[in-house]
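Encoded as structure tokens, the structure appears first; notes follow it.
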Amino acid sequence: MRDNAVMNPHDGFPGPDERLNSAIPPVAMMSGREVDFYLPVVCTDRGQHKETRLTAAIREMNGELHMPNALEAFSPPMGKEATPGSMMSRGAYTFICPRCSRTPQIKAARWWELVRRHAVVGAQVLDVSLID
């Protein structure tokens with residue numbers, strides 16, 4: 001089991017079935033279902049290369065948060081399962097850009113707060129290369 005005591009990703013988000021920002025309409029997915037928000041996560045190496053999509057932060061209408069492409073373009077916090085020398089961290093997301101050598105690590109609590117802030121204002125993308 002992962003060490004989930006690091007943080008609850010739902011901190012700062014409204015409860016299930018409540019919208020993050022009711023002024024921004026839900027996003028219709030290709031499957032036809034609606035989500036509260038769909039925020040593409042990209043890397044541009046601080047504007048040095050074309051936008052490369054790594055994943056997306058998604059909040060379902062029931063409040064569930066998730067990101068597809070785990071272990072392809074990013075590694076979630078792995079708690080005690082993380083081993084030294086791997087691309088995995090105990091308490092941070094590690095993003096892996098296939099276009100540049102950038103592999104930013106962002107603590108889980110900070111990551112979901114950044115996602116929430118970007119989503120609440122209707123940002124079109126979140127560029128991990130711009131996060132310090």
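Please treat every number below as a calculation from the coordinates, not as lab data. Keep in mind the model is a prediction, meaning the values are calculated, not measured. Every residue, glycine among them, receives a Cβ derived from its backbone with ideal geometry; neighbour counts consider all protein chains shown.
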Worksheet, complete the sentence: Sorted by chain and then number, the residues having a modelled amide H within less than 5 Å of the amide H of Ala57, at least 5 places away or on another chain, are Leu39, Val41
Item to complete: Could you work out how far helix 108-120 tilts from the main Cα principal axis of the chain, as a 0 to 90 degree angle to the nearest 10?
Response: 40 degrees
Practice prompt. Only residues of segment 100-123 count here: report those whose backbone N is under 20 Å from the spot 7 Å along Cα→Cβ of Glu64, or say none.
Written response: 112, 116
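Quick check for me: using +1 on Lys/Arg Cβ and -1 on Asp/Glu Cβ, what's the dipole size of segment 17-130 about its Cα centre, in debye to the nearest 20?
Dipole magnitude for segment 17-130 comes out near 440 debye.
So how much slack lies between Ala28 and Glu72, counting 0.36 nm per residue of separation and subtracting their Cα-Cα distance, in nm? Spell out each step's value before the answer.
Working: separation 44, 0.36 × 44 = 15.84 nm, distance 2.47 nm.
So the extension gain works out to 13.4 nm.
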Worksheet item: If you take the square roots of the eigenvalues of the alpha-carbon gyration tensor of the chain and sort them as a ≥ b ≥ c, do you get rounded (a/c under 1.5), prolate (a/b over b/c) or oblate?
Response: oblate
Response to the item:
Largest fluctuation, Ser101, Ser31, Ser75 only, Gaussian network model of the chain with Cα springs under 10 angstrom, belongs to Ser31
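Of all DSSP beta bridges located in the chain, what percent are antiparallel, nearest 5?
Details: 17 of 20 bridges.
Counting DSSP beta bridges with both partners in the chain, the antiparallel share is about 85 percent.
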Worksheet item: Where does the charge balance sit around Gln105 when Lys and Arg score +1, Asp and Glu -1, over other residues with C-beta under 15 Å from its C-beta?
Response: +3
Worksheet item: Of Thr83, Thr94, how do they rank once you tally other Cβ atoms within 10 Å and put the fewest first?
Response: Thr83, Thr94
